[in-house]
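Below: one structure, written as structure tokens.
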Amino acid sequence: MSTPAALAGLALWLDGGQTAYSDAGTTVATVPYGRVAQIAQPAPLSGNITASGNARPWRETAALDFHSGDPNFMVFPAPASPVPANNCTIALAWQSRGGQQTMPLFYATHTAGTDLAMYMQGGAFVLQSPAYTAVIPGLTGIQPGHNVTECTLLLTCTPTQFEIRLTINGVSQTLVIPTAPTAGTLSAFQIGRWTGYANSHLAVSQYVVYSQALSSADQGDLQAYLLSKPVGNPPIAASTVTILGDSVGSGWRPAWQTALNGLANPPRALNVAAAGTGTTNPDQIPAFYLSDALPRYDPARPKNILVCQGISINDVSAGLGTLTPSQVAAIVLPAYKSVCRRGMADGFLVIACTLSAVFGDARFEAARQIINADLKATWPTFAHRLANVGEVLTQADMNPSLSLSIDGTHLAEGGYLRWDPVLVAELIRLLTDQYLSMRAMLGRALAANSFLVANPSDGEVLSFFAQLTAEASGAAALPSAQQAAIGYAFRGLLSGNFPGISNPSDANVLDFWTQLRADSSGAPALSALRYQTLKAQLRNVVALNYPGAANPSLQALLGYFNAV
């Protein structure tokens, strides 16, 4: 396996793992805080690529995140030598992050007129060129539900044909289009743009252009190199927002990120929603939660937010074929709440969503009214927040002639723009909520970070606290100085230093215990071994922050909690 520089004809190379990024002439802050304004490297490396404002891509450990909240693409400088349009290779390694039906990959201006581009559209790949513009037959795209996917692509243009090598999650495909590419010269190489699209929701680890067509052996060598450079999950120091749902969710392009991009460390968006799916089928949305949403969770993140859009239109429409609206609601509501509760138990901060309208369907509307009334009344039992997006647009608003819906069921861009402020309001509440931040910090404090002991989920934190306060009932009171010292230690443990969230005062810590006691009421009990393990871990971390001469005993902790 060779590096791109070892292969003949290298014209441009963006290496997502290199460190020469700068922001207004200054080295970017440590991952993930920096937004890249400029990449200055000697040719044939990436050259002086510029971007501006909040649209600048975000720095990741091995990639640049071309978030699609704002117009965002990078234009490369002219290569030192011309790139022949019928004798070149263009390669890309990226991670799709979903939420975009048309996702531009790369683009270059062609002297013959029609520019050269490749993009994803739905589940297909499209090639555009002066000689051939069409969906590429026989090339399998990213499968629904698995939108957050590692991909590599090589497009080789020879005088007689287009050659394509594609991998999706390591599965390789090769294809030849027996059409001769039009002669000419390529320039203005870009990532994340296509005609009419100035953004793309992907993270790029490698982008390479050669001014000659690579041989089959060299293509295999380059593909092996690209496969060795996966993007991976967003940086641990960044919060994530993962959307789970049906086709309405899968089309929810994260334009809402624009409202959050001014934060010092904005959340990163992921979308694993899947068209044609529902929550009542365990092989669909519940399965995609396990295979594609849960693996992105990390207890070390500031916040892991799950947006459960998927009270599915498909579930409701299918049920209404034989059932009454009330019967349909009685089936879909428990299935939806089960997915949300599973997310909470695994540690996600869950935002539930109300069901959107469908134009001209009276029975669907009757079921929707029953479902949404239930969600609004009961959401605190299965979610942290409710985004009431389903009442933003009425049945009449979903008329396709009004440009808010494309077909009476699915939203157009204008419809999503009406939804976005509702979601943003709930995201800001979760991202800046001190209580939830302190609860996350308590979970981290209870984490042994050992391969022998599983770190606790948020649900286990609630169960542990319920058992701890029950055991503490009646424990002997501590001397005031020791009570204050343990309180001081907990204040240190519950200080997260999250951007925009103040660290707690002593009074905040007491308020936190009160709220946590209420939230943990009725939580299921842990096993005796699990409970004792977490209790011992809590004592150990309290000891690290304890200001007294002798570390507190487990009995002293019980005395502390009996008094708060």
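The values are calculated or read from the model by the stated rules, or taken from the named source; none is laboratory data. Treat the numbers as computed from the prediction; the structure is a model and nothing was measured. Cβ placement follows ideal geometry from the backbone for every residue including glycine, while neighbour counts extend to all protein chains displayed.
Quick notes on this one:
- When we screen V208, V176 for residues that are farther than 28 Å from W252 by Cβ and in contact with a helix residue (DSSP H, G or I) (Cβ under 6 Å, 6 or more places away or on another chain), the only hit is V208.
- Counted residues, region 212-242 - those being over 17 Å from L153 (Cα atoms) and touching a Gly at 6+ places or on another chain (Cβ under 8 Å): 0
- Qualifying residue in region 101-123 (condition: closer than 29 Å to P302 by Cβ, acidic (D, E), in the same structural domain as Q212 (by TED's automatic domain parsing) and at pLDDT 80 or above): no
- Verdict on S338 being surrounded by fewer than 16 Cβ atoms within 10 Å (Cβ to Cβ), without any contact (Cβ under 8 Å) to a residue 60 or more places away in the chain and over 26 Å from the mean Cα position of the chain (by Cα): no
- Per the listing L538, L493, L534, L452, the residue uniquely more than 21 Å from F348 (Cβ to Cβ), modelled with pLDDT of 85 or more and not basic (K, R) is L538.
- Among the residues making up region 351-363, none is modelled with pLDDT under 95, crowded, with 19+ Cβ neighbours inside 10 Å and not in a loop (DSSP other than H, G, I, E, B).
- Tally, over region 131-182, of residues that are within 14 Å of C88 (Cβ to Cβ), free of Cβ contacts under 8 Å to residues at least 40 places away in the same chain and in a strand (DSSP E or B): 2
- Restricting the first member to region 97-124 and to residues that are at positive phi, and the second to residues that are hydrophobic (A, V, I, L, M, F, W, C) and in a strand (DSSP E or B), the beta-carbon pairs closer than 9 Å and six or more apart or on different chains are G98/I243; G98/A269; G98/L270; G99/I243; G99/A269; G99/L270.
- Within region 388-415, being in contact with a Lys or Arg (Cβ under 8 Å, 6 or more places away or on another chain) and modelled with pLDDT under 90 holds for one residue alone: E413.
- Among the residues of region 102-113, those identified as exposed (fewer than 15 other Cβ atoms within 10 Å of the Cβ) and in a loop (DSSP other than H, G, I, E, B) are T111, G113.
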